[in-house]
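Taking it in order: structure first as structure tokens, then the write-up.
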Amino acid sequence: MAVSLREYRARIQSTESTKKITRAMELIAASRVIKAQQRARAAAPYARELTRAVSAVATFSNVDHPLTTEPESPKRAAILVVTSDRGLAGAYASSVLKEAERLVEKLKGEGKQVDLYLTGRKGEAYYRFRQRAVAQSWTGFSDQPTYDVAADIGATLIAAFTGDDEAAAGPDAPQGVDEVHVVYTRFRSMLSQEPTAIRLLPLEVVEGTEAPSVDELLPLYEFEPSPADVLDSLLPRYVQSRIFFALLQAAASELASRQKAMKSATDNAEELIKKFTRIANQARQAGITQEISEIVGGVNALADATAGSE
Amino acid sequence: MAVLQVELVAADRLVWSGEATMVVARTTEGDVGILPGHAPLLSLLVEGVIDVTTTEGETWVAAVDAGFISVAGDRVSVLSERAEMSHEIDLEKARHDLERLRAAGENDDAAEAAVRHAEARIRAAEKAS
């Protein structure tokens, strides 16, 4: 009995230390998620102004731009999957990957070839394990993305879209991709984050939440040097800003789901400790009871023996 | 008197917003000065310095990366991926950066843009002090 008591005590201790770790991670995630939300809010004015400007150009000039033109028969699609660098965030990475898989299946069903672009080590590991080709991946920033990273990703995707990487892609890729999708986790609240897939390119400029309100009349702008040049410089920025937005949302979601996962881990540890403490106490009492009955039995036996010899 | 509502926005934050009487920015076509009542304008910026004269008569200076300026009905927004107010710039460090960039001596567009941005930061910091 004494041995199992020691075992239970050791288990309680190890659960205690696990609990300390998960509690610490929960607190860290909680403080970081607030910062991530602040960053997402701080980036909003830029996105808003950019959207306003882009829709102004789109409204007042009939300039066709490669980034907004729908290809006639799309054959290749690129998907940017935004995952996390680290695990311990519940179903965060797997649910975004599941959403990505769904999109891949859908696009393949439409007869399109799919190129994968990834951010985050979790996504990389997922596809490496399955030995699936990945066009490019970026890692090491998933919980605090910077604009430079978004700009880099944006430039890569735009290059793939406009076919500037033809030389690099080789003969099996005669033209660039025809559409670009982004799969990321939208941060709705601390409690709910949902994996979302959006089509990034070709651009549809005016989009629900960020569009300027309808009653706001757009003034008749003068464009310098020319509408085409302005659009040329605006659209890539617009794409980058949307990617940045997706990265920021994903970061906030990752931290929120990590906080949630760590909270339930801490709760579970507490449960376990309670359970083990009970079992350990039982074992201790059983041990004592047994010892007493052994002593009593021994005394009785001795008493019987002396009584018998007299 | 009419005033301009100015917003200076970087990709990751709102750098400055407030009222001003004049904004001077450098576009691809040359310097442009904006006073209240300016016609709606959407123009591309080059790496350079933005001067903002506030309603109190103070002058703010900011260094910006390539971006654009939009003017509409006395609302001026300056958007740039990177934007810094002059007091946020460490002059010593900016000089150091410029020297390093020049020493690197690369000749592609990105390197030249980086040099221009570094120069703009130094100009902004010097102008303010």
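Below, the figures for the structure above:
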read-out	value
Matching helices (runs of 4 or more DSSP H) fully within segment A:47-166 where at least 2 residues are within 14 Å of chain B (Cβ to nearest Cβ)	A:147-162
Residue in segment B:72-79 that is touching a helix residue (DSSP H, G or I) at 6+ places or on another chain (Cβ under 7 Å) and closer than 29 Å to A:Ile243 by Cα present	yes
Out of A:Ala40, A:Ala36, A:Ala10, A:Ala44, sole residue that is without any contact (Cβ under 8 Å) to a residue 40 or more places away in the chain and under 25 Å from B:Glu81 (Cα atoms)	A:Ala44
Selection within segment A:250-280 - surrounded by 22 or more Cβ atoms within 10 Å (Cβ to Cβ), among the polar types (S, T, N, Q) and either within 14 Å of chain B (Cβ to nearest Cβ) or over 23 Å from A:Gly120 (Cα atoms) (or both)	none
Residue within segment A:96-114 that is surrounded by fewer than 22 Cβ atoms within 10 Å (Cβ to Cβ), touching a residue at least 40 places away in the same chain (Cβ under 8 Å), of a type in the set (A, V, I, L, M) and touching a helix residue (DSSP H, G or I) at 6+ places or on another chain (Cβ under 8 Å) present	no
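For every residue, the table says whether it meets (1) surrounded by 15 or more Cβ atoms within 10 Å (Cβ to Cβ); (2) in contact with a strand residue (DSSP E or B) (Cβ under 9 Å, 6 or more places away or on another chain); (3) among the small types (Gly, Ala, Ser).
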| position | (1), (2), (3) |
| --- | --- |
| B:Ala83 | yes, yes, yes |
| B:Ala103 | no, no, yes |
| B:Glu112 | no, no, no |
| B:Val115 | yes, no, no |
| B:Ile122 | yes, yes, no |
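Any read-out appearing in this document is the output of simple, stated calculations on the displayed coordinates, not a laboratory observation. Source: prediction; values computed, not measured. Don't worry about glycine lacking a Cβ; one is built from the backbone with ideal geometry, like all the others, and counts go over all protein chains shown.
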